[in-house]
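The values are calculated or read from the model by the stated rules, or taken from the named source; none is laboratory data. This structure is a prediction, so every number in the text was calculated from the model and none was measured. Cβ coordinates were reconstructed from backbone atoms using ideal geometry, including for glycine residues, and neighbour counts include every protein chain displayed.
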Amino acid sequence: MKLLKNFLLTFKQALTGKEIDFTNIKLNKAIFLLAVPMILEMIMESVFAVVDIFFVSKLGHEAVSIVGLTESMMAIIYSLAVGFGAATTAIVARRIGEKKKKEASIASVQAIFIGIFTAVIIAVPGIIFAKDLLSLMGAETEMIAKYSSYTSIMLGGNIVIMLLFIMNAVFRSAGDAAISMRVLWLANILNIILDPLLIFGIGPFPELGVQGAAIATNIGRGVAVVYQLYILFFGNKRIKLSFNDIKIKFSIIKQILKISKGGIMQHLIATVSWIFLVRLISVFGSESIAGYTIAVRIMLFILLPAWGLSNAAATLVGQNLGANKPKRAERSVWTAGFINLFFMGLIAIVLIVFSTFFIKIFIDEPDVITKGAESLRIISFGFVFYSLGMVVVQAFNGAGDTNTPMYINVFCFWIIEIPLAYFLSLHTDLNEKGVYISIIVAEGLTTCIALIIFTRGKWKLKKV
C-alpha cells in the first residue's frame, strides 16, 4: 500500500508540475516526473492523429490521399519547428541548469520571433501555389480540383504549428512539462470535437468536407497558442516573460539559428527522404497512398508517446550539462532508452500480428486495407530500432550537438534509404514493399551509428 501511495503521489506531482531541481533529485524520479506529462502530451497528439484520419477516411480514399500528400509537404514545416524547438531546448535547459532564469526567458522570446518570421515567409507561397505543389507530388487532377483547399489552409496556417512547437519546447526544457501537456491536450481536444462538426456539417455547422478538418486543426492549435502566451506572460512558472522582454537580441537569435541549423537539417533530410518515398508509393496508385497514410497515423499513435520519453531525456541532458553533471546526463539517456526499447518491442508484436484489424478500423475499402496492413506490418519490425535511436538522437540535441544527427541522417536517409527504396520498389517485384523495407534498413543503421558516436562521449563537451 505504501508503494502504491508513493507512486500515486509522484504521479500527481508529475501532472501538477511543481518547481523541482531535476539535476539534484533521484534520476529515476526525475525521468518519471518529466516523462509522464510528456508521454501523456504525445498520447493526446497520437489520439488526434488517429481520430482525424478516421473522420477523413469516411470521405473516401482520395481525401485520405490528399491528407497524406499534404502531410508530406507539412513535414518540412515540422522540420523547421522541431529544429527551432531543439535549439530552444538546448539553450533554455542549459540556462535553467545554470540557474539563470532571466537569460532563459530572453532566449525564449528570441525563439518566438524566429518562429513568427519563418511562418509568414512560408504561408504566402503555400496558399498561392497549393495546387502546383500537389501536382508536383503526383496528385491526380480531379483530386486537386476537389481537395486542394485543405492544403492551402494547412500551409497558410503554419504559424500555429511553429509557435506551438517552440513555446512547448520552452516549457519542457525549463522543466514545466505539465504545461506542455495541457497545451496539447487543449489543442487536440478542441480539434477532435470540431473535426466531425465541420467535416460532416453536424447541427448548425456547415458541411466542409476535408477542408473542415484543416479548419478544425488550425482553430484547435490557435487557441492553444493563445493559452501558451497567457501562461508565459501572466503565469507563475520557471519561465516568465514581461513586455519589457519583447526586444530583438540579434546575438541570441544568431546563437539559436546556429544550433537550430543542425536540428532543422536533420529533420529536413529525413523529411525530404519521406517526400521521395511518398512520391514512389504514389506510382502504385491512390489506394497505396491511402493505405500508407493510415498506417503512418497508427504508427504515430505509438511513436509519439515514445518521443515524449525521448524529450524527457533531452531536457535532463541539457539541465545536467548546465549543472556540470555529465555522468548523470549520460545515465538519463541509457535509462530512458531501455525503457523505450522494452515497451516499443511489445507494441511492435501487437501491430505485426493484428495489422489488418487496425487498418479496418479506419476504412472498409479492400484494396486500401490490404495495402495499409502490408505497410503497417513491415514497418513495425523496425520499432526496436526507432525506440532506442530516437532517445539517443534527442540526447545529442539536448546537449546542443545538432550536427551529429544531421550527418547521420544524410548518410542513412539520402545515401542509403532513397536509392534502396528506388531500386527495390521500381526494379524488383517488391513494388511498394521495397519502400517499407528501406525504411527499416535506414532506421536500423541510424540507431547503430548514433549509439557508437554516443558512447564516445564528445557530446558532453558541447558548449551552449
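Remarks
- In the condition set (1) under 30 Å from PHE22 (Cα atoms); (2) surrounded by fewer than 21 Cβ atoms within 10 Å (Cβ to Cβ); (3) touching a residue at least 24 places away in the same chain (Cβ under 8 Å), LEU164 is compliant with all but (2).
- Matching residues, the range 278-288, being of a type in the set (A, V, I, L, M), more than 21 Å from the chain's Cα centre (by Cα) and under 14 Å from SER375 (Cα atoms): LEU280, ILE281
- Evaluation of GLN211 against (1) touching a Ser or Thr at 6+ places or on another chain (Cβ under 7 Å); (2) polar (S, T, N, Q); (3) farther than 23 Å from PHE54 by Cα; (4) surrounded by fewer than 24 Cβ atoms within 10 Å (Cβ to Cβ) (one fails), failing number: (3)
- Members of the range 325-365 found to be touching a residue at least 24 places away in the same chain (Cβ under 8 Å), under 16 Å from GLY382 (Cβ atoms) and either in contact with a Lys or Arg (Cβ under 8 Å, 6 or more places away or on another chain) or of a type in the set (Val, Ile, Thr) (or both), listed by number: ILE347, LEU351, ILE352, SER355
- The residue pairs whose first member lies in the range 264-292 and is closer than 12 Å to ALA139 by Cα, whose second member is crowded, with 24+ Cβ neighbours inside 10 Å and aromatic (Phe, Trp, Tyr), and whose beta carbons are closer than 6 Å, counting only pairs six or more residues apart or on different chains, are ILE281/TYR292.
- Count of the range 11-38 residues which are in a helix (DSSP H, G or I) and surrounded by fewer than 21 Cβ atoms within 10 Å (Cβ to Cβ): 9
- Residue, nearest to LEU277 (Cα to Cα), within the range 410-449, restricted to residues that are under 22 Å from the mean Cα position of the chain (by Cα) and charged (D, E, K, R): GLU417
- Of the residues making up the range 414-437, those that are under 27 Å from ASP401 (Cβ atoms) and surrounded by 16 or more Cβ atoms within 10 Å (Cβ to Cβ) are TRP414, ILE416, GLU417, ILE418.
- Exactly one residue among ILE239, ILE256, ILE264 is part of a loop (DSSP other than H, G, I, E, B), hydrophobic (A, V, I, L, M, F, W, C), surrounded by 19 or more Cβ atoms within 10 Å (Cβ to Cβ) and under 26 Å from the mean Cα position of the chain (by Cα), and that residue is ILE239.
- Flag for LEU229 being closer than 23 Å to ARG172 by Cα and either touching a residue at least 24 places away in the same chain (Cβ under 8 Å) or in contact with a Lys or Arg (Cβ under 7 Å, 6 or more places away or on another chain) (or both): yes
- Pick from the range 307-328, criterion within 11 Å of ARG94 (Cβ to Cβ), assigned to a helix (DSSP H, G or I) and of a type in the set (A, V, I, L, M), ranking: farthest from the chain's Cα centre (by Cα): LEU321
- Each residue in the range 340-355 was checked for being surrounded by 15 or more Cβ atoms within 10 Å (Cβ to Cβ) and either charged (D, E, K, R) or within 20 Å of TRP307 (Cβ to Cβ) (or both), and 7 of them qualify.
- Only residues that are in a helix (DSSP H, G or I) and either hydroxyl-bearing (Ser, Thr, Tyr) or in contact (Cβ under 8 Å) with a residue 60 or more places away in the chain (or both) were counted across the range 399-418, and they come to 12.
- Matching option when the condition is over 17 Å from PHE276 (Cβ atoms), basic (Lys, Arg) and surrounded by fewer than 16 Cβ atoms within 10 Å (Cβ to Cβ), among LYS462, LYS458: LYS458
- Only one of the numbered conditions (1) farther than 24 Å from ILE43 by Cβ; (2) crowded, with 24+ Cβ neighbours inside 10 Å is violated by ALA177, and that is (1).
- Filtered residue count, the range 246-285, keeping only those that are of a type in the set (A, V, I, L, M, F, W, C) and touching an Asp or Glu at 6+ places or on another chain (Cβ under 6 Å): 2
- Set ILE43, ILE53: member being in a helix (DSSP H, G or I), of a type outside the set (Lys, Arg) and modelled with pLDDT under 80: ILE43
- So ALA169, is it within 16 Å of ILE114 (Cβ to Cβ) and buried (at least 24 other Cβ atoms within 10 Å of the Cβ): yes
- Within the range 123-147, residues that are within 14 Å of SER65 (Cβ to Cβ) have Cβ atoms under 8 Å from residues that are loosely packed, with under 15 Cβ neighbours inside 10 Å in these pairs: SER135/THR141; GLY138/VAL283, counting only partners at least 6 apart in sequence or on another chain.
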